[in-house]
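Novice: Just dropping this structure here.
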Amino acid sequence: MRDSRYDILFEPMAIGPVIAKNRFYQVPHCNGGGYRDPSAAAEMRGVKAEGGWGVIFTEQCEMHHTSEITPFIELRLWEDKDIPMLRKMSERMKTHGGLAGIQLAYSGINGPNLYSKEVPLAPSAMPIRTFTNDPVQARALDKSDIKDLRRWFVNAAKRSKDAGFDLICLYGAHGFGIFQHFLSRATNQRSDEYGGSLENRARFVNEVIGDIKDAVGDTMGITLRVSLDETIGDLGFSNAEVRDFIEMNKDLPDLWDLAHGTWEDCSGPSRFKEEGAQEQLVRGIHELTDKPIVGVGRFTSPDVMTKMVKTGTLDFIGCARPSIADPFLPKKVEEGRIEDIRECIGCNMCITGDMTMSISRCTQNPTFMEEWRKGWHPETMNTKGDSNNVLVVGSGPAGLEAAWALCRRGYDVAVAEAKTEIGGRVVREAKLPGLSAWGRVVDYRQYQLSQRANVDIYLESELDTDSILEFGFENVCIATGAKWRADGVARQHVVPMPIAAGAKIYTPDDLMDGTIPQGKVIVFDDDHYYMGGVLAELLAKKGADVTLVTPSAYVSDWTNNTLEQIAIHPRLVDAGVEIVLNRGITEIHAGHVVSNCVYTDRTKQFECDAVVMVASRKEENAIFDGLKAREAEWADAGIKSVKIIGDANAPGPIAWATYAGHRYARELDSDDIGDALPFRREITELALD
Ligand code: FMN
C-alpha cells in the first residue's frame, strides 16, 4: 500500500498535448549500446516501463549525419531506415502507459564527424570540443545553413513521430547541444541577428521549436533541455541568464528540462555531490514560467522527491542513474516498498559504458543492459534448477549478490564469512573519504537477505577444504575476494619490483585496516582507478606530506570514464598533495625511491618515509585451489559443483563482482552451452547492392 505522503508523485501531469501518468521522469541517458545494440537498449527501456516510470526517454539521438559524435555510440535518426529500430524502442517504452520520449541532438562544436567526414557546423567557427580533443574545427553556420538545419530538425521531428514517440527533447545542455552553443556568448560570437543580445541568441531555438510545433506539436510534447549554469564564468550562459531566458520565453517549450552545467557537474558522483545537489540552481525558476519543470539530482528518496514537488521546485522528478540502479523505483514507492528500493551509489560506473564505447554496467543492478542480451530481469529470477542448496564462501559484493539472487531462485543458501561483519571490500572502502554511499551495495543486500527464510549467514566462519567437504552442500561458490599486493606487480612491473630491506611499504589494505603512515609518504598509483587518489586524500587529511606518483598522464586515469577525474585532481591539489604524472618507480629504498620518466631513461630520486603501493590485487583462491585438488572426493561429499567468482577469480571493480555473483546464481544448474555465445547480439545487415 502506498504511503499517502507520496500521492503527489503519482498525479498525472500534462506535457503539451500528452499526459504523463505520474511524475517519475526518466531523463535521457545513454547506455553504451545505442545504434549498435538497439534491441538491448529497447528492452532496457521496456523494463523501466514495467517499473512504473511515467516518462521514459532515449539517450541523445544524432538527428542528422552532419553532426555525429563517433566514437561514442548513441542513437541515430539520419534517415527513414533508422525508424524501425526507434519504433521498437518507443513501443517498449509505452507498454505500461508511460510516455515515450526521444532526445534529438545536433552537437555543433561537440560533433567531430569522424564517421560521416562532414565539416562540422556551429554558431561560430571554433575547434571541436570533445573528450578526445579531435584536431577538427567547425565552420560557422551561414544563413542558408541555418535554414537547412531548421528543416533537418523538422524532418527529424516527423521521423520521431513516425517512430511512435510522444515527446521530443531538444538537447541544449551539458555544453553538448547546439541550442546551448547558440545561447552562450562563449560559443556564439555572431554579429548577425542570431548573436549578441540574449533575444538574438535565443532566436534559433525559438525558430526550431516553432517549426517543430507546427509540424508535430498537435500530438507531441516538445521539451527543451538547457543547462542551469554553464559554469565557465562571465562569458558563459550563467544561472542568472538562464533565468532571464526562461522568463523571456516562458511558453516556448511544453516543459523545461533543467540540468546542471557540464555533464561532469550534472552527473556528479556521490564522492563529490550529494542527492539533490542542483536544488539551489533550480529553485525559483518555477515562478518564471507556467510550463512544468523537470530537474535531476540522483534522487533515490521519495521524501526528497516529494519535497521537491511540494516546495514548487520541480513538477517532475528526473532520474537517470537512480532509474538504472532500480528500474522499479516508482513501482516500489507505489506499492509502499520503500525499503526494497535499490539505491544508486553514485559510482558512475553506468557512464563508463558510454565512455569506453562498450556496454553499460551498474554496480547495484547487474541486469542493466542484460535484459535482452541475457534475458535477465531486475526483479524476477529464473526458476530453480535440480539441486537444492549452495554454500557461498565470502560475503563481499560477489558473494552477497550471489546469495541474494540464489535465494530468490529458491535455493537454500548458507553464507560463510571469515570476518565479524559481512560486506568484504565494500564495507572497508565505504569508510574511505567520499565513498560512504557505496555502502548501499551491502545495505541493500543485507536487508533483503534478512527478509528471507532460506538463507543463513555465518560470521567469523573461516572455512578450509576439509570442512567444506564435510558439510555436504551440493554447490560451493567461492567468493573470497582479493588482497592488494605489496610487491608492486601491476602494469609497470610484471614481476616484483626491487624493494630494499628497511623500506616501509604499505598496501591499501593496511590503510583500510587503520595503519596510516606519517611523514613524507609516496603513493605509487599503478592501478589508475579511484584507490590511489582516495588514499592520497586520506593520508593528506591525516597529516601526511603526500606525493602521488603515477605513470599515467592523469591522476586516477580511469576515472575519466566515470567523470570523476576532473574533480579528483583539484581535490588532491586542495588537500596539498603533490602530483607527479608520467613517472614510474623503479626502486624503493629506506628513505627514498628512484623514479623514472615513462618516456625517457631519465631517473630522479624522491625522498620519503613510506610508500603506499597501489598496484594490483592478488586473488584469494586458496580454498578453491584446495577443493580443485580434491575433485575426486566431491561425489562422495555430495558436491555437484564448485565455482570461483568475483575478485577471487579475477579482481576488478565492484560492478564486476556483483555481475559475477548474479551470473553465478542465474546459471547454476543450467545446461552447458558449450562453445555458444553466452549473450545475444545484433549483427549489421549486409547491404545487398
Ligand atoms: N543527458 C542527456 O541529456 N543526454 C544523454 O544522452 C545523457 N546520457 C547519460 C548517460 C548516463 C549513463 C548518465 C548517468 C547520464 C546521462 N545524461 C545524459 C545525464 C542525465 O540525463 C542526468 O541529467 C544526470 O545523470 C543527472 O541525473 P541523475 O542524478 O538522476 O543521474
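Novice: Give just the number: which of (1) at positive phi; (2) open to solvent by less than 30 Å² (accessible area, probe 1.4 Å) does Gly674 not satisfy?
Specialist: Against the list (1) at positive phi; (2) open to solvent by less than 30 Å² (accessible area, probe 1.4 Å), Gly674 comes up short only on (2).
Novice: While we're looking at this one, here's another question. Within the set of pairs 6+ apart or on separate chains, which have a first residue in segment 91-109 that is without any contact (Cβ under 8 Å) to a residue 40 or more places away in the chain, a second that is crowded, with 24+ Cβ neighbours inside 10 Å, and C-beta atoms under 6 Å apart?
Specialist: none
Novice: Having 1 or more residues that are within 24 Å of the chain's Cα centre (by Cα) is the bar; report the helices (runs of 4 or more DSSP H) wholly within segment 580-689 that clear it.
Specialist: Values: elements: 622-629, 634-637, 654-667.
It comes to 654-667.
Novice: Kindly evaluate Ile345 against the criterion of being more than 21 Å from the chain's Cα centre (by Cα), within 14 Å of the ligand (Cβ to nearest atom) and among the aliphatic types (A, V, I, L, M).
Specialist: Working: more than 21 Å from the chain's Cα centre (by Cα): no; within 14 Å of the ligand (Cβ to nearest atom): yes; among the aliphatic types (A, V, I, L, M): yes.
Considered against the rule, which asks whether it is more than 21 Å from the chain's Cα centre (by Cα), within 14 Å of the ligand (Cβ to nearest atom) and among the aliphatic types (A, V, I, L, M), Ile345 comes out as no.
Novice: State whether one or more residues within segment 95-105 are within 25 Å of Cys266 (Cα to Cα), open to solvent by 20 Å² or more (accessible area, probe 1.4 Å), assigned by TED's automatic domain parsing to the domain that holds Pro135 and within 15 Å of the ligand (Cβ to nearest atom). Walk me through how you get there before you give the answer.
Specialist: Residues of segment 95-105 within 25 Å of Cys266 (Cα to Cα): 98-105.
Of the ones still in play, those that are also open to solvent by 20 Å² or more (accessible area, probe 1.4 Å) are none.
Within segment 95-105, none of the residues are within 25 Å of Cys266 (Cα to Cα), open to solvent by 20 Å² or more (accessible area, probe 1.4 Å), assigned by TED's automatic domain parsing to the domain that holds Pro135 and within 15 Å of the ligand (Cβ to nearest atom).
Novice: Can Val304 be described as within 15 Å of the ligand (Cβ to nearest atom), within 23 Å of the chain's Cα centre (by Cα) and assigned to a helix (DSSP H, G or I)? Steps first, answer last, please.
Specialist: Details: within 15 Å of the ligand (Cβ to nearest atom): yes; within 23 Å of the chain's Cα centre (by Cα): yes; assigned to a helix (DSSP H, G or I): yes.
Criteria met by Val304.
Novice: Same structure again: Is it the case that segment 63-77 has a residue that's within 22 Å of Cys319 (Cβ to Cβ), within 16 Å of the ligand (Cβ to nearest atom) and among the small types (Gly, Ala, Ser)?
Specialist: No: zero hits.
Novice: Here is a follow-up. Regarding Asn389, is this residue open to solvent by 10 Å² or more (accessible area, probe 1.4 Å), more than 16 Å from the ligand (Cβ to nearest atom) and either under 30 Å from Ser467 (Cβ atoms) or among the small types (Gly, Ala, Ser) (or both)?
Specialist: Details: open to solvent by 10 Å² or more (accessible area, probe 1.4 Å): yes; more than 16 Å from the ligand (Cβ to nearest atom): yes; either under 30 Å from Ser467 (Cβ atoms) or among the small types (Gly, Ala, Ser) (or both): yes.
Judged against the criteria, Asn389 is a match.
Novice: Please list, ordered by first then second residue, the pairs with beta carbon atoms under 6 Å, 6 or more apart or interchain, first in segment 256-281 and assigned by TED's automatic domain parsing to the domain that holds Leu170, second surrounded by 24 or more Cβ atoms within 10 Å (Cβ to Cβ) and acidic (Asp, Glu).
Specialist: Pairs found: Gly261/Glu230; Pro269/Glu564.
Novice: Hey, another quick one. Looking at segment 144-163, can you tell me whether even one residue there is within 16 Å of the ligand (Cβ to nearest atom), part of a helix (DSSP H, G or I) and in the same structural domain as Gly196 (by TED's automatic domain parsing)?
Specialist: yes
Novice: Shifting gears a bit: Mind listing just one residue for me: the one in segment 566-579 that is β-branched (Val, Ile, Thr) and farther than 20 Å from Tyr506 by Cα and, of those, farthest from the chain's Cα centre (by Cα)? Break it down stepwise before answering.
Specialist: Quick first cut of segment 566-579, residues β-branched (Val, Ile, Thr) only: 566, 568, 573, 577, 579.
Cutting the leftovers down to farther than 20 Å from Tyr506 by Cα gives us 566, 568, 573.
Details: Ile566: 16, Ile568: 17, Val573: 25 Å.
That would be Val573.
Novice: Determine whether Leu281 is away from the ligand (no atom under 16 Å from the Cβ), open to solvent by 10 Å² or more (accessible area, probe 1.4 Å) and more than 13 Å from the chain's Cα centre (by Cα). Can you show your working first?
Specialist: Working: away from the ligand (no atom under 16 Å from the Cβ): no; open to solvent by 10 Å² or more (accessible area, probe 1.4 Å): yes; more than 13 Å from the chain's Cα centre (by Cα): yes.
No; evaluated as a whole, the condition is false for this residue.
Novice: Would you point out which residue out of Arg159, Arg87, Arg151 is closer than 23 Å to Gly195 by Cβ, at pLDDT 95 or above and charged (D, E, K, R)?
Specialist: Values: Arg159 fails: closer than 23 Å to Gly195 by Cβ; Arg87 fails: closer than 23 Å to Gly195 by Cβ.
Criteria check complete, one pass: Arg151.
Novice: In segment 193-207, what residues are farther than 17 Å from Asp251 by Cα and touching a residue at least 40 places away in the same chain (Cβ under 8 Å)?
Specialist: The answer is Tyr194, Gly195.
Novice: Of everything in segment 32-48 that's more than 20 Å from Gly98 (Cα to Cα) and touching a strand residue (DSSP E or B) at 6+ places or on another chain (Cβ under 8 Å), which residue is nearest to the ligand (Cβ to nearest atom)? Explain how you work it out, then say what you get.
Specialist: The first filter runs over segment 32-48 and keeps only residues more than 20 Å from Gly98 (Cα to Cα), leaving 32-37.
If we keep only those that are touching a strand residue (DSSP E or B) at 6+ places or on another chain (Cβ under 8 Å) as well, we get 34-35.
Working: Gly34: 9, Tyr35: 13 Å.
Looking at the filtered set, the residue picked out is Gly34.
Novice: Still on this structure: Look through Gly481, Gly543, Gly576, Gly502 and report the one residue that is small (Gly, Ala, Ser) and either open to solvent by less than 50 Å² (accessible area, probe 1.4 Å) or outside the structural domain of Gln605 (by TED's automatic domain parsing) (or both).
Specialist: Gly481
Novice: I would also like to ask the following. Give, as residue ranges, the strands (runs of 3 or more DSSP E) completely inside segment 385-482 that count at least 2 residues that are farther than 20 Å from Ser670 by Cα.
Specialist: On the way: elements: 389-393, 412-416, 455-458, 475-478.
The qualifying strands (runs of 3 or more DSSP E) are 412-416, 455-458.
Novice: Within segment 172-194, work out how many residues are in contact with a Ser or Thr (Cβ under 8 Å, 6 or more places away or on another chain) and either within 25 Å of Gly101 (Cα to Cα) or open to solvent by less than 10 Å² (accessible area, probe 1.4 Å) (or both).
Specialist: We begin by selecting, within segment 172-194, every residue in contact with a Ser or Thr (Cβ under 8 Å, 6 or more places away or on another chain); these are 172-178, 180-181, 187-190.
Still in the running and either within 25 Å of Gly101 (Cα to Cα) or open to solvent by less than 10 Å² (accessible area, probe 1.4 Å) (or both): 172-178, 180-181, 187-188.
Residues flagged as in contact with a Ser or Thr (Cβ under 8 Å, 6 or more places away or on another chain) and either within 25 Å of Gly101 (Cα to Cα) or open to solvent by less than 10 Å² (accessible area, probe 1.4 Å) (or both) within segment 172-194 amount to 11.
Novice: Determine if segment 320-335 includes at least one residue that is under 22 Å from Glu241 (Cβ atoms) and crowded, with 22+ Cβ neighbours inside 10 Å. Full working, then the answer.
Specialist: The initial filter retains those residues of segment 320-335 that are under 22 Å from Glu241 (Cβ atoms), namely none.
Looking for residues that are under 22 Å from Glu241 (Cβ atoms) and crowded, with 22+ Cβ neighbours inside 10 Å, one finds none in segment 320-335, hence no.
Novice: From the set of residues in segment 307-329 that are over 20 Å from the mean Cα position of the chain (by Cα) and part of a helix (DSSP H, G or I), which is nearest to the ligand (Cβ to nearest atom)? Can you show your working first?
Specialist: Narrowing segment 307-329 to residues over 20 Å from the mean Cα position of the chain (by Cα): 307-316.
Right, trim to part of a helix (DSSP H, G or I) and you get 307-310.
On the way: Lys307: 16, Met308: 12, Val309: 16, Lys310: 19 Å.
Here the answer is Met308.
Here is a yes/no grid of residues against (1) basic (Lys, Arg); (2) modelled with pLDDT of 95 or more; (3) surrounded by 18 or more Cβ atoms within 10 Å (Cβ to Cβ):
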| position | (1), (2), (3) |
| --- | --- |
| Asn561 | no, yes, yes |
| Glu564 | no, yes, yes |
| Arg571 | yes, yes, yes |
| His589 | no, yes, no |
| Tyr599 | no, yes, no |
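Novice: Still on this structure, please answer the following. Taking only pairs six or more apart or across chains, which ones have beta-carbon atoms under 7 Å, a first residue in segment 145-164 that is within 18 Å of Met220 (Cα to Cα), and a second residue that is exposed (fewer than 15 other Cβ atoms within 10 Å of the Cβ)?
Specialist: So the pair list comes out as Arg159/Asp80; Lys161/Thr219.
Results for (1) in a strand (DSSP E or B); (2) in contact with an Asp or Glu (Cβ under 7 Å, 6 or more places away or on another chain); (3) open to solvent by 10 Å² or more (accessible area, probe 1.4 Å), shown as yes or no for each residue.
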residue: Ile8; (1), (2), (3): no, no, yes
residue: Ala14; (1), (2), (3): yes, no, yes
residue: Ile19; (1), (2), (3): yes, no, yes
residue: Pro28; (1), (2), (3): no, yes, yes
residue: Asn31; (1), (2), (3): no, yes, no
residue: Ala41; (1), (2), (3): no, no, no
residue: Arg45; (1), (2), (3): no, no, no
residue: Ala49; (1), (2), (3): no, no, no
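Novice: Ala553 - would you say it is in the same structural domain as Leu463 (by TED's automatic domain parsing), among the small types (Gly, Ala, Ser) and on the phi < 0 side of the Ramachandran plot?
Specialist: Details: in the same structural domain as Leu463 (by TED's automatic domain parsing): no; among the small types (Gly, Ala, Ser): yes; on the phi < 0 side of the Ramachandran plot: yes.
Against the criterion (in the same structural domain as Leu463 (by TED's automatic domain parsing), among the small types (Gly, Ala, Ser) and on the phi < 0 side of the Ramachandran plot), Ala553 does not qualify.
Novice: With the structure loaded, tell me whether Tyr171 is among the aromatic types (Phe, Trp, Tyr), farther than 21 Å from Glu59 by Cβ and not assigned by TED's automatic domain parsing to the domain that holds Trp438 or whether it fails that test. Working first, answer last.
Specialist: Numbers: among the aromatic types (Phe, Trp, Tyr): yes; farther than 21 Å from Glu59 by Cβ: no; not assigned by TED's automatic domain parsing to the domain that holds Trp438: yes.
Here the answer is no, as Tyr171 does not meet what is asked.
Novice: Moving to a separate point now. Which of (1) over 17 Å from Pro551 (Cα atoms); (2) assigned to a loop (DSSP other than H, G, I, E, B); (3) open to solvent by 30 Å² or more (accessible area, probe 1.4 Å) is the odd one out, the single condition Pro517 does not satisfy?
Specialist: (3)
The values are calculated or read from the model by the stated rules, or taken from the named source; none is laboratory data. Note that this is a predicted model, so its numbers are computed, not measured. Don't worry about glycine lacking a Cβ; one is built from the backbone with ideal geometry, like all the others, and counts go over all protein chains shown. Heads up: the accessible areas ignore ligands, DNA and RNA and are worked out on the full protein's heavy atoms, side chains in. Shrake-Rupley method; radii C 1.70, N 1.55, O 1.52, S 1.80 Å.
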